[in-house]
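Novice: Sending over a structure as structure tokens; questions will come in a sec.
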């Protein structure tokens with residue numbers, strides 16, 4: 001199949017998914033074995049609601065993708081000695097298109113300059129997030145987009161220059177990195193600016209609700225709370241979902257999110273029921289598009305919420321349950 | 001004799017309790033058999049597991065064992081202050097709360113028991129036997145919390161998790177049963193681990209330690225550590241489990257989540273076996289997944305470090321060879337009556353400040 005068909009709006013998601021599914025059954029041995037064990041094959045193409053989703057741990061536990069022909073190699077973050085997920089990206093243009101078209105689906109990107117508060121690319125060449133931000137920075141023809149210096153206030157002169165060019169500003173960074181910036185170096189951003197935070201709400205140092213985080217960012221940077229947005233992505237995905245201030249994420253047309261039953265991940269749960277977040281990311285053409293995350297989520301129509309990590313109920317051992325015993 | 005609670009002589013009390021246990025097991029009245037039948041007929045537990053539990057009671061409870069437990073646990077002078085003890089019995093195994101019941105009787109305290117809906121008949125048949133012999137014994141039990149005639153409890157015993165414990169305490173507070181000095185004995189350990197030397201044999205013992213009660217007890221082995229290759233261990237366990245499962249066929253099919261995990265293991269080419277209702281797999285030890293038993297190539301020190309790092313989740317460490325700090329693997333599902341859930345001696349707790 002032509003990889004760029006993934007972004008073609010005239011082809012339905014189901015048609016694209018079917019092509020990707022057949023392609024990956026043929027070219028991705030880990031996913032093929034997974035479907036074989038679940039008795040799913042190319043003769044009975046499942047629909048998006050029941051297609052087998054490979055646990056994302058497979059990127060850590062096995063080789064997904066083609067290392068020998070990879071343009072890029074992304075690795076998940078982690079402590080020294082911990083085994084990390086590795087995502088081999090064969091076709092960098094797919095990732096680039098997914099990033100830029102994905103952002104354009106939700107934002108008028110030609111209007112924006114990007115100030116990114118993360119470590120720079122040279123320090124983290126294996127971070128998919130930082131590669132994505134570099135792509136956004138390079139897409140801005142004004143030359144004003146950049147990675148910000150860490151632990152330094154945002155240059156007010158830079159902010160002024162962005163406004164002079166009649167551009168809007170997107171401040172993009174990891175959730176707690178932006179919080180550190182807000183606490184140590186608050187600054188007034190133009191009112192039409194947007195902040196996009198990404199990443200989990202829990203670190204080894206602290207835990208905070210997304211609402212609290214957005215409130216604090218809004219106060220520190222003097223922009224309306226509704227202008228504080230979120231991005232959902234991971235090393236194992238080449239596409240991103242975005243949400244406004246209300247925590248409901250939306251996907252670009254080549255990305256599908258479902259909620260799967262933790263007791264039987266082949267089953268999709270209805271709207272309103274919490275379960276495991278399942279991803280169909282068609283941009284993952286050369287790795288695996290069909291992923292089961294360890295995140296807990298819930299859906300409402302086309303939108304989904306991320307509710308943290310899923311913790312299994314440990315049914316092992318004695319456990320007096322007031323409503324069952 | 002009207003009541004065990006007025007018998008101050010511990011030797012006499014231990015003798016009488018062991019006689020009651022034997023009377024109950026001998027079952028001239030058919031009370032126990034009726035309880036076993038109902039339990040099996042309603043699908044609460046496999047008959048084999050119930051018989052195993054009862055056989056273990058017969059083998060482990062006698063006057064000497066009870067006295068030995070008492071003497072190891074209790075010190076101090078002989079003044080008596082009888083306490084109200086509330087036992088909330090989980091129902092994951094048949095007679096899972098039996099040690100608590102005996103501990104309360106042996107300590108001479110008053111027993112208030114919330115029996116589990118998942119195991120209502122077996123403990124009730126024993127308590128009925130006690131009541132028949134000691135008509136004035138202050139023991140009360142029900143499957144309905146609200147039917148228990150308790151005002152305040154001095155001690156409450158139950159097992160739980162981080163999620164379940166707050167709900168239980170809320171319910172007890174709503175009933176007004178807790179007071180500031182109520183001692184709460186909450187067990188949170190969920191699973192056990194074992195060091196296994198294949199050269200020492202005892203595959204049957206390992207099989208029982210893993211598969212008895214469908215692996216649902218906190219004394220069941222969830223992680224096997226060994227110096228041998230996990231693939232070989234998995235194969236030998238599968239062979240040993242064949243005869244075990246013929247005698248103890250699992251009632252239910254494997255959980256879909258385990259089939260899914262098995263498919264994942266096949267995909268990433270990890271060694272694994274579906275045996276009975278459980279999924280046994282080679283790799284890093286894991287305690288959180290219900291129905292999964294891991295086999296890890298490691299050293300004894302690594303197993304102990306895992307136990308240390310897992311904190312309160314691990315109940316026991318076993319071995320089929322002599323290893324310091326490990327219980328014998330043969331006692332995994334056949335512990336002595338004096339074993340200490342979560343490392344705490346329930347009899348010592350019940351008699352503290354009492355004697």
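Each value in this text was obtained by applying a stated rule to the coordinates, not by laboratory testing. A quick note: this is a predicted structure, and the numbers were derived from the prediction, not measured. When we count neighbours, we look across all protein chains shown, and the Cβ atoms used for this are built from the backbone with ideal geometry, even at glycine.
Novice: Residue B:58 to residue B:246: extension gain in nm, 0.36 nm per residue of separation minus the Cα-Cα distance?
Specialist: Taking 0.36 nm per residue and subtracting the Cα distance, the gain is 65.3 nm.
Novice: With angles folded into 0 to 90 degrees, how steeply does helix B:31-41 sit against the dominant principal axis of chain B? Use alpha carbons for both and round to 10.
Specialist: On a 0 to 90 degree scale, this one is about 40.
Novice: Quantify how much of the Cα-Cα distance distribution of the stretch A:96-247 extends past 27 Å, in percent. The partial results should precede the final answer.
Specialist: Numbers: 1589 of 11476 pairs.
Beyond 27 Å sits 14 percent of the P(r) for the stretch A:96-247.
Novice: Determine the calculated [θ] at 222 nm for chain A from helices alone, applying -39500 (n - 2.57) to every DSSP H run no shorter than 4 residues and normalising by the residue count; nearest 500 deg cm²/dmol. Write down the numbers at each step before the final one.
Specialist: Numbers: 8 runs with 86 residues, N = 325.
Estimated from H runs of four or more residues: -8000 deg cm²/dmol.
Novice: Moving on to the next point. Can you tell me the 0 to 90 degree angle between the C-alpha axis of helix B:300-310 and the longest principal axis of chain B, rounded to 10?
Specialist: 60
Novice: Would you tell me the mean number of C-beta atoms belonging to other protein chains that fall within 10 Å of each C-beta in B:155-163, as a whole number?
Specialist: The per-residue average across the peptide is 4.
Novice: Hey, another quick one. How many nm is it between the label spots at residue A:246 and residue B:178, if each spot is 7 Å from the Cα in line with the beta carbon?
Specialist: According to this spin-label approximation, the distance is 3.9 nm.
Novice: A follow-up question, please. If you fit an axis through the alpha-carbon atoms of helix B:47-60 and take the longest principal axis of the Cα set of chain B, what angle between them do you get, 0 to 90°, nearest 10?
Specialist: The angle comes out at about 60 degrees.
Novice: Could you tell me how many cubic angstrom of Cα convex hull volume chain B has per residue?
Specialist: 144
Novice: If R0 is 60 Å, what FRET efficiency do you get for residue B:41 and residue A:26 from their C-beta distance, rounded to 0.05?
Specialist: Efficiency computed from Cβ-Cβ geometry: 0.70.
Novice: Now for a separate question. log₁₀ I(q)/I(0) of the protein assembly as shown at q = 0.05, 0.09, 0.10 Å⁻¹, via Debye over equal Cα point scatterers, no solvent, to two decimals?
Specialist: -0.32, -0.89, -1.01
Novice: Provide the convex hull volume over Cα atoms per residue for chain A, in Å³.
Specialist: Taking the convex hull of the Cα positions in chain A, it is 164 Å³ per residue.
Novice: Using R₀ = 35 Å, calculate the FRET efficiency as 1/(1 + (r/R₀)^6) where r is the Cβ-Cβ separation of residue A:150 and residue A:323; round to 0.05.
Specialist: After rounding, the FRET efficiency stands at 0.10.
Novice: I need to check one value: relative contact order of chain B, counting alpha carbon pairs closer than 8 Å and at least 6 residues apart, in percent.
Specialist: Averaging sequence separation for qualifying contacts and normalising by length gives 19 percent for chain B.
Novice: Still on this structure, I have one more. Under a no-solvent Debye model with one identical scatterer per Cα of the stretch B:4-188, what's log10 I(q)/I(0) at q = 0.08, 0.09, 0.11, 0.19 Å⁻¹?
Specialist: Results for the stretch B:4-188 at q = 0.08, 0.09, 0.11, 0.19 Å⁻¹ read -0.25, -0.32, -0.49, -1.44.
Novice: Would you calculate the separation in nanometres between label points at residue A:141 and residue A:5, each defined as 7 Å from the Cα along the Cα-to-beta-carbon direction?
Specialist: So the label points at residue A:141 and residue A:5 sit 3.2 nm apart.
Novice: Using every Cα-Cα pair within the stretch B:191-331, state what percent have a distance larger than 21 Å.
Specialist: Value for the stretch B:191-331: 36 percent of Cα pairs lie more than 21 Å apart.
Novice: Build a GNM of chain A with springs between Cα atoms under 10 Å: which of A:128, A:76, A:230 gets the top mean-square fluctuation?
Specialist: A:76
Novice: Roughly what % of DSSP beta bridges within the stretch B:191-331 run antiparallel, to the nearest 5? Walk me through the intermediate numbers first.
Specialist: Details: 4 of 22 bridges.
So the antiparallel bridges in the stretch B:191-331 amount to around 20 percent.
Novice: Residues of the stretch B:244-287 with the amide nitrogen closer than 17 Å to a label point 7 Å from the Cα of residue A:50, along Cα-to-Cβ, please.
Specialist: Flagged as within label range: B:256-257, B:260.
Novice: Then there's this: Please identify, among A:68, A:313, A:183, the residue showing maximal mean-square fluctuation in a Gaussian network model of chain A using a 10 angstrom Cα cutoff.
Specialist: So, out of A:68, A:313, A:183, the one fluctuating most is A:313.
Novice: Return, ordered by residue number, the residues of the stretch B:227-255 whose backbone nitrogen is under 12 Å from a label point located 7 Å along Cα→Cβ of residue B:200.
Specialist: So the set is B:227.
Novice: Say each of residue B:71 and residue B:321 gets a label point 7 Å from the Cα, pointing the same way as Cα to Cβ; how far apart are those two points in nm?
Specialist: Label-label distance for residue B:71 and residue B:321, simple model: 3.5 nm.
Novice: Relative to a virtual label point 7 Å from the Cα of residue B:163 in the Cα→beta-carbon direction, which members of the stretch B:198-221 show backbone nitrogen distances below 13 Å?
Specialist: Once the point is set 7 Å along Cα→Cβ of residue B:163, nothing inside the stretch B:198-221 turns out to lie under 13 Å by backbone N.
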